[in-house]
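In what follows, a structure is listed as structure tokens, so that the remarks can point back to it.
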Amino acid sequence: MNRFVAAERALRTAAPHELLDAVRAVLADQYGGEDVELFMADYGLTVLQPVSVLPHTMEPVSVHNSPAGRAFGSQEPYREDAGDGRARLHLPVSVRGDRLGVLSVTLPGDDPARERESELAEIASVLGHEVMVAERDTDLYLQARRRDRLTLAAEMQWQLLPGRSSSRPEYELGAQLEPAYAIYGDNFDWSATADHLMLYVTNGMGEGIEASLLTNLVINALRNARRAGISIADQAALADQAVYAHYQGRCYLSVLMFDFDLAAGRASVVDAGSPQLLRLRDGKVERVSFEAQLPLGMFEETDYVVQDFQVEPGDRLVCVSDGVHAVASPKGETYGDAALARAIHATRLLPAAEVPRAILRELTGHRGEAVPDDDALVMCLDWHGRRDDG
């Protein structure tokens, strides 16, 4: 049995909470690996948290200026000199574009590290899939992501998300929420089939548990309708009815919904509220406006109408909640379209998964305080389009 097959089998047969032990054992036995560590990206995407059991803990490492952080940001293996002729490899742990963390291992020599880099990167990918499956049965990896304690509302919101990034040949997606450990009601959701990509961006109402409960109701109502094969206009109508039935118009929620045809590059759009969309095309950033319709749950019965929207290969779409667009500086200056356009242009060379974090970091500088008083959401979609092989 070759080394990779042995590693894959060890991970697939390990208990959910013992994946790190399994990968340590197989990398030591099959590759001569030492000091094997798994780091998970924290909720704020600022540090990589070690997955370890007390008392054998390690300090977190920075996402921004560490060797492991370099592998996480580039999504490529990064090799460094570990001294005594050894090399340390940092390998991204990702699943279909969703960036989970980094696997680090020290190997006995630079040549073995170079020769086995590709194979070890594949093992890191298998580990990522196993971590995602294991999270159904253990809290270990979710706990490892926490730099601080989550509020209950934030716990509910993060559990509702599909991931923070995703990629296919037709597109790349990235999204991030702030304050990561105390988010209220902003949220995003996506789902893809062979020919369609559906995206929802929600702008929450209220604070704390009440905001999270409202968003949970809306997202699950939309998912329920989507999974029944219903169009996005009718998804919006059914979610609208669900919210009104429960709150009788006292609470409502804004949502921007897309149904992309992956082959044609067309989207059906429902704009029910305040999330805003900007497009970077041919070096120019412009705001894309749709016909505004009523937020979900405002009145007893609302009919929603779709609009057509065309995307072209090379387009970058950035969607933000009002916690980004409307946030004010200490002097009362609104962030607004101009500043957001500058931020989008400044991040044009970053991959889609890195853009939300970079824009939110710049937003913190404008706001002048570390913790916002409103949720902030940024979603970035890079559209590549489907290649015509005919």
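The values are calculated or read from the model by the stated rules, or taken from the named source; none is laboratory data. Treat the numbers as computed from the prediction; the structure is a model and nothing was measured. Here Cβ is always computed from backbone atoms with ideal geometry, including for glycine, and neighbour counts include all displayed protein chains. Accessible surface areas use protein heavy atoms only, side chains included; no ligands, DNA or RNA. Shrake-Rupley method; radii C 1.70, N 1.55, O 1.52, S 1.80 Å.
Pairs linking a residue in the range 132-145 that is closer than 14 Å to PRO162 by Cα to a residue that is surrounded by 15 or more Cβ atoms within 10 Å (Cβ to Cβ), with Cβ atoms under 7 Å and 6 or more positions apart or on different chains, are MET132/VAL95; GLU135/TYR141; GLU135/LEU142.
Mind checking which residues of the range 343-360 are open to solvent by less than 10 Å² (accessible area, probe 1.4 Å) and assigned to a loop (DSSP other than H, G, I, E, B)? Break it down stepwise before answering.
Narrowing the range 343-360 to residues open to solvent by less than 10 Å² (accessible area, probe 1.4 Å): 343-344, 352, 355-356, 359-360.
Within the range 343-360, just ALA352 meets the criteria.
Of the set (1) open to solvent by less than 40 Å² (accessible area, probe 1.4 Å); (2) touching a residue at least 40 places away in the same chain (Cβ under 8 Å); (3) part of a helix (DSSP H, G or I); (4) under 30 Å from GLN176 (Cα atoms), all apply to GLU122 but (1).
Is it the case that some residue within the range 318-327 is open to solvent by less than 50 Å² (accessible area, probe 1.4 Å) and more than 23 Å from the chain's Cα centre (by Cα)? Scanning the range 318-327, I find no residue that is open to solvent by less than 50 Å² (accessible area, probe 1.4 Å) and more than 23 Å from the chain's Cα centre (by Cα), so the answer is no. Filtering the range 1-12 to residues that are of a type in the set (D, E, K, R) and open to solvent by less than 60 Å² (accessible area, probe 1.4 Å) leaves only GLU8. The set of residues in the range 69-88 that are more than 15 Å from PRO112 (Cβ to Cβ), in contact (Cβ under 8 Å) with a residue 12 or more places away in the chain and in a strand (DSSP E or B) contains only TYR78.
Only one entry in VAL306, VAL311 is touching a strand residue (DSSP E or B) at 6+ places or on another chain (Cβ under 6 Å) and either open to solvent by 60 Å² or more (accessible area, probe 1.4 Å) or without any contact (Cβ under 8 Å) to a residue 24 or more places away in the chain (or both), namely VAL306. Out of the residues in the range 13-67 that are of a type in the set (S, T, N, Q) and assigned to a loop (DSSP other than H, G, I, E, B), which is most open to solvent (accessible area, probe 1.4 Å)? Applying the filter and picking the extreme gives ASN65.
Does the range 176-189 contain at least one residue that is part of a helix (DSSP H, G or I), buried (at least 19 other Cβ atoms within 10 Å of the Cβ) and small (Gly, Ala, Ser)? Before the answer, list the steps.
As a first pass, look at the range 176-189 and keep what is part of a helix (DSSP H, G or I): none.
No, because not a single residue in the range 176-189 is part of a helix (DSSP H, G or I), buried (at least 19 other Cβ atoms within 10 Å of the Cβ) and small (Gly, Ala, Ser).
Which one of GLU117, GLU130, GLU172 is among the acidic types (Asp, Glu), touching a Cys at 6+ places or on another chain (Cβ under 9 Å) and either open to solvent by less than 60 Å² (accessible area, probe 1.4 Å) or not in a helix (DSSP H, G or I) (or both)? Being among the acidic types (Asp, Glu), touching a Cys at 6+ places or on another chain (Cβ under 9 Å) and either open to solvent by less than 60 Å² (accessible area, probe 1.4 Å) or not in a helix (DSSP H, G or I) (or both) holds for just one of GLU117, GLU130, GLU172, which is GLU172.
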